[in-house]
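A.B. asks: Quick one: the structure is below, questions incoming.
The values are calculated or read from the model by the stated rules, or taken from the named source; none is laboratory data. Note that the coordinates shown come from a computational prediction; the quantities given were computed from them, not determined experimentally. When we count neighbours, we look across all protein chains shown, and the Cβ atoms used for this are built from the backbone with ideal geometry, even at glycine. Heavy atoms of the whole protein, side chains included, go into the accessibility calculation; ligands, DNA and RNA do not. Shrake-Rupley method; radii C 1.70, N 1.55, O 1.52, S 1.80 Å.
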Amino acid sequence: MWCRRLACLAKAPCPPSGSPGRRSPWLPRDRRIVLAAAARWHHTAPESLKCAWQLHGDHLELRYANTLMRFDFVWLRDHCRSASCYNAKTNQRSLDTASVDLGIRPKAVRVDETTLFLTWPDGHVTRYGLEWLVKNSYEGQKQQVMHPRILWNAEIYRQAQVPSVDCRSFLETDEGLKEFLQNFLLYGIAFVENVAPTKEDTEILAERISLIRETIYGRMWYFTSDFSRGDTAYTKLALDRHTDTTYFQEPCGIQVFHCLKHEGTGGRTLLVDGFYAAEQVLQKAPEQFELLSKVPLKHEYVENVGDCHNHMIGVGPVLNVYPWNNELYLIRYNNYDRAVINTVPYDVVHRWYAAHRTLTAELRRPENELWVKLKPGKALFIDNWRVLHGREAFTGYRQLCGCYLTRDDVLNTARLLGLRA
């Protein structure tokens with residue numbers, strides 16, 4: 001399947017999302033047969049264009065709040081929020097979707113200033129608020145972003161003067177936690193100051209916002225440059241910018257770093273907003289952005305050190321986007337762990353290398369590099385789906401602890417505090 005899709009990519013680049021030549025792959029080709037008897041628009045008031053609707057052969061077309069929406073009839077029946085179809089206490093569907101007739105069509109349609117009313121052949125009435133339809137329609141979603149963000153390079157971040165949050169405020173108040181999470185959601189990084197420099201206190205900090213994700217590295221990891229694991233991170237060498245656990249099918253969402261001790265020089269942490277770099281590629285070379293979001297690659301981690309024996313493989317494109325609005329939500333970039341490229345046909349792979357080079361050049365621009373010296377008491381949280389991190393070489397003895405957090409739980413905590421996440 002991928003070879004066929006990539007063969008098409010080799011012949012001609014796909015137009016960017018939203019361009020006239022692009023059709024959503026999951027929609028049937030011809031769904032615009034208009035019934036002759038329903039070929040006119042109906043308005044909620046004779047002289048009002050605030051809301052208008054039109055019945056077609058298999059869908060309802062609705063214009064409201066400057067948005068033209070199309071709703072399949074099965075969709076309209078399936079999403080009914082009546083008491084018999086939807087449990088408002090549990091926010092779960094009660095209707096058996098598979099029982100809905102695929103050829104269903106409303107017997108009557110009525111729209112007032114705020115509500116759409118549909119009467120089905122069995123007499124059941126479905127009501128939808130027009131604002132709800134705008135928010136939940138495909139067309140409405142295309143106009144929105146799932147996660148509001150501020151893209152940054154080093155200068156943008158410095159000028160923003162994003163404050164760190166004090167550990168006590170973070171742990172003991174909703175206000176401090178909310179401020180921290182707002183910074184994290186917008187910038188993909190956030191700092192907590194005045195943390196006791198122990199692994200135990202770092203663990204308490206992490207558990208404030210999420211369950212800790214246990215991996216092959218354990219629950220809380222603690223390392224020095226003793227090469228106790230088969231990974232370059234356990235050395236004194238410099239590390240180029242990368243995201244972690246690209247060799248997981250689902251890379252870890254959030255990473256926590258806390259430097260407990262460093263007796264020596266060097267060792268600054270490098271941070272780069274991968275989404276900012278990807279946006280530059282999208283603006284300068286949209287066909288290369290498209291290729292990086294389509295071509296699947298393998299990342300691999302093979303370890304045979306002491307008692308640690310692991311062989312992990314993760315598969316996915318470098319850039320991962322939501323298909324309905326082309327919004328980037330994950331970057332999987334790690335040149336150390338990228339496996340043999342054997343998922344790409346020869347007539348595409350050279351174009352992929354060129355696209356990868358373009359993205360790498362953006363990621364390596366000096367103006368995009370934010371360098372931070374981690375010291376005992378200052379904990380750093382990184383969105384591993386967005387922000388790349390690295391490290392300069394160092395001398396002396398350096399202790400670092402940290403962990404991975406489950407992304408769903410961090411976002412859940414943010415939503416419960418009223419943040420959009």
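A.B. asks: Give the residues of the stretch 370-381 that are buried (at least 16 other Cβ atoms within 10 Å of the Cβ) and modelled with pLDDT under 95, sorted by residue number.
C.D. replies: Within the stretch 370-381, just Leu374 meets the criteria.
A.B. asks: Can you find even one residue in the stretch 138-148 that is modelled with pLDDT of 95 or more, crowded, with 16+ Cβ neighbours inside 10 Å and either small (Gly, Ala, Ser) or assigned to a helix (DSSP H, G or I) (or both)?
C.D. replies: Taking every residue of the stretch 138-148 in turn, none turns out to be modelled with pLDDT of 95 or more, crowded, with 16+ Cβ neighbours inside 10 Å and either small (Gly, Ala, Ser) or assigned to a helix (DSSP H, G or I) (or both).
A.B. asks: Of all residues in the stretch 350-369, how many are hydrophobic (A, V, I, L, M, F, W, C) and open to solvent by 30 Å² or more (accessible area, probe 1.4 Å)? Don't jump to the end; show me each part of the working.
C.D. replies: First, the residues of the stretch 350-369 that are hydrophobic (A, V, I, L, M, F, W, C): 352, 354-355, 359, 361, 363.
Those left that are additionally open to solvent by 30 Å² or more (accessible area, probe 1.4 Å): 354, 361.
Matching residues across the stretch 350-369 total 2.
A.B. asks: Residue check: is Asp101 farther than 23 Å from His43 by Cβ and surrounded by fewer than 10 Cβ atoms within 10 Å (Cβ to Cβ)? Spell out the reasoning first.
C.D. replies: Details: farther than 23 Å from His43 by Cβ: yes; surrounded by fewer than 10 Cβ atoms within 10 Å (Cβ to Cβ): no.
So Asp101 fails the test.
A.B. asks: Consider Ala421 carefully, then state whether it is open to solvent by 40 Å² or more (accessible area, probe 1.4 Å) and in contact with a Lys or Arg (Cβ under 8 Å, 6 or more places away or on another chain).
C.D. replies: Values: open to solvent by 40 Å² or more (accessible area, probe 1.4 Å): no; in contact with a Lys or Arg (Cβ under 8 Å, 6 or more places away or on another chain): yes.
The answer is no for Ala421.
A.B. asks: Now for a different question. Going through the stretch 327-377 one residue at a time, which ones are of a type in the set (Phe, Trp, Tyr) and more than 19 Å from Trp152 (Cβ to Cβ)? First the steps, then the outcome.
C.D. replies: Going residue by residue through the stretch 327-377, those that are of a type in the set (Phe, Trp, Tyr) are 329, 333, 336, 346, 352-353, 371.
Of everything in the stretch 327-377, those that are of a type in the set (Phe, Trp, Tyr) and more than 19 Å from Trp152 (Cβ to Cβ) turn out to be Tyr336, Tyr346, Trp352, Tyr353.
A.B. asks: Right, here's the next one. Tell me, which residue of the stretch 71-87 that is over 16 Å from His56 (Cβ atoms) and under 28 Å from the mean Cα position of the chain (by Cα) is most open to solvent (accessible area, probe 1.4 Å)?
C.D. replies: His79
A.B. asks: Can you tell me which residue in the stretch 106-131 is nearest to Lys50 (Cα to Cα), limited to those that are open to solvent by less than 80 Å² (accessible area, probe 1.4 Å) and without any contact (Cβ under 8 Å) to a residue 40 or more places away in the chain?
C.D. replies: The extreme case among them is Thr115.
A.B. asks: Against the definition (hydroxyl-bearing (Ser, Thr, Tyr), open to solvent by 50 Å² or more (accessible area, probe 1.4 Å) and more than 26 Å from Glu300 (Cβ to Cβ)), how does Thr202 come out, yes or no? First the steps, then the outcome.
C.D. replies: Values: hydroxyl-bearing (Ser, Thr, Tyr): yes; open to solvent by 50 Å² or more (accessible area, probe 1.4 Å): no; more than 26 Å from Glu300 (Cβ to Cβ): yes.
Taking the combined requirement at face value, the residue does not satisfy it.
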